[in-house]
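Beneath this line is the structure, given in structure tokens, with notes to follow.
The values are calculated or read from the model by the stated rules, or taken from the named source; none is laboratory data. Note that the coordinates shown come from a computational prediction; the quantities given were computed from them, not determined experimentally. Cβ coordinates were reconstructed from backbone atoms using ideal geometry, including for glycine residues, and neighbour counts include every protein chain displayed. What goes into the accessible areas is simple: the full protein's heavy atoms, side chains included, and nothing from ligands, DNA or RNA. Shrake-Rupley method; radii C 1.70, N 1.55, O 1.52, S 1.80 Å.
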Amino acid sequence: MKVSEVVKILNADVLCLTDTVSSTQVISACGADMMSDVLAFVKDQGLLLTGLINPQVVRTAEMMDIPCIAFCRGKIPERAVIQLAEEKGIILLSTKLRLYQACGVLYKAGLDADGEM
């Protein structure tokens with residue numbers, strides 16, 4: 001699924017790398033606030049949905065080849081976190097949906113945790 005589709009489904013705002021949303025693909029999704037869970041369970045090219053807005057989220061995404069992070073509950077990270085994501089080539093989104101809701105609507109739209117659509 002293209003990130004541009006994720007933006008529509010989540011009614012999300014794009015916080016950085018707007019020009020790459022239509023060309024970037026995600027094949028799975030993970031909702032987590034514990035970065036240790038992300039390290040243990042996320043597959044490459046996944047979408048990370050979280051309520052955390054600290055730099056560790058971006059650093060974890062970089063290590064796991066996650067191209068896009070969606071912050072839930074309308075959270076927006078500080079400018080330094082957005083700049084770090086831009087440097088690492090990671091798209092940041094913000095949605096007003098809660099984590100559970102965001103995961104649910106994406107799953108319903110065909111984005112699976114295992115990369116099967």
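What to note about this one:
- In order along the range 56-66, the phi-based Karplus estimate (6.51 cos²θ - 1.76 cosθ + 1.60, θ = phi - 60°) of 3J(HN,Hα) comes to 4, 5, 5, 5, 5, 4, 4, 5, 9, 6, 8 Hz; Gly and Pro are listed as x.
- Proximal lysine pairs, the range 3-108, alpha carbons under 19 Å, eight or more residues apart or interchain: 6
- Averaged per residue, the chain has 52 square angstrom of accessible surface, using a 1.4 angstrom probe with ligands and nucleic acids left out.
- Environment charge at CYS72 (Cβ cut-off 13 Å; Lys +1, Arg +1, Asp -1, Glu -1): +2
- Residue among CYS68, CYS16, CYS30 with the largest mean-square fluctuation in a Gaussian network model of the chain, springs linking Cα atoms under 10 Å: CYS16
- Radius 10 Å from Cβ of GLU62, net charge of other residues (Lys, Arg +1; Asp, Glu -1): 0
- The Cα atoms of the chain define a convex hull whose projected area, averaged across directions, is 5.8 nm².
- The range 97-111 - phi-based ³J(HN,Hα) in whole Hz, Karplus 6.51/-1.76/1.60, Gly and Pro as x: 5, 6, 4, 4, 5, 4, 4, x, 5, 5, 4, 4, 7, x, 8
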